[in-house]
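Structure record follows, encoded as structure tokens.
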Amino acid sequence: METLYITHPACRLHDMGSWHPECPERLDAINDQLLASGVMGFLAERQASPASEADVLRVHTPAYLAFLRDHLPAEGLYPIDPDTFLNPHTLDAAMAAAGAGITAVDAIMDGEYRNAFCAVRPPGHHARPAQAMGFCFYNNIAVAAAYALARYGLQRVAIIDFDVHHGNGTEEMFAHDPRVMMCSFFQKDLFPNHWQSPCPENMVNIPVDAYTRGDDLRLVAEDLWLPRLRAFKPEFIFVSAGFDGHREDGMGQLGLVEADFAWLTHRIMELAHATASGRIVSFLEGGYNLSALGRSVVAHVKALAAM
């Protein structure tokens, strides 16, 4: 079974301004590097089916969805906060991005594919139940995880987040839910600079110092994440794949390189094969240095595709 690559043309239409790091060119950089590396030829490609409102309402409030609809501009930009803006196409893009995970879950649960990478934007892991923030509007990974639990009756799913920023929205949505285990590391004293303390019992969220290098982050995964995940025995694994921890990315100050993302992906795959029949859906989150982003996604997807 092949690895599934999912995107949607609407994801390129959400544009928060030429100055903004979360730009449509991020998807172009990924596509170009996958083509140049030859990896794209080994992937199955599918366009995402946009999420339904009912899908999004599993993790977001009706009032929040109404707020976004009511403030969607006919032209120009509407500021949610100093870094997060609606444009006329934002909600179409966000519904496509959220739907990519559902499209992937269905294809994997139907036995068509082993795993999937969703090359979508806007990203999602900062989106709270009733608040857009950090470039995020709908929490893509939370929508997909909640769908998998509801549609397929799964009992245990894992969420692994290796973005340089903490996935605060995902944490808020699933804190204390015994069906979900979330594991992450993130740079401390960096946006959003908030995580629950004490850590919820179903989460292993590790703040690390700026300039932490890949070898040390591998130890975090090996010593702190994986024992808990193995004991939890997830039936499906979801990945918030943020590549802004790359040492070339100015959005943070971690020291990851492509080999570290590949190593993390291989460890996740080993866990998935042991407990989840290989089932993984990975979502693009951060990553803003276009060259480093493209190279890192190649490393991640090559590992997913066992190349």
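Considering only alpha-carbon pairs that sit under 8 angstrom and 6 or more positions apart, the relative contact order computed for the chain is 20 percent. A DSSP coil position with no more than 10 other Cβ atoms inside 10 Å describes the following GluC sites (Glu not before Pro) in the range 167-212: Glu201. For the chain, what is the percent of antiparallel DSSP beta bridges, rounded to the nearest 5? Around 10 percent of the beta bridges assigned by DSSP in the chain are antiparallel ones. Put simply, the amide H of Arg156, placed in the peptide plane, has neighbours under 5 Å in Glu235, leaving out anything fewer than 5 places away on its chain.
Shape class of the range 193-307 from the alpha-carbon gyration tensor: oblate, with a/c at 1.5 or above and b/c at least as large as a/b.
Taking only DSSP H segments of four or more residues, each worth -39500 (n - 2.57), what value at 222 nm results for the chain once the sum is divided by all its residues, to the nearest 500 deg cm²/dmol?
Numbers: 10 runs with 113 residues, N = 307.
When only DSSP H runs of four or more count, the value is -11000 deg cm²/dmol.
Where a number appears in this text, it was derived from the coordinates with a stated rule and is not lab data. Since we're looking at a predicted model, the values are computed, not measured. Here the Cβ is made from the backbone with ideal geometry for all residues, glycine too, and neighbour counts use every protein chain on show.
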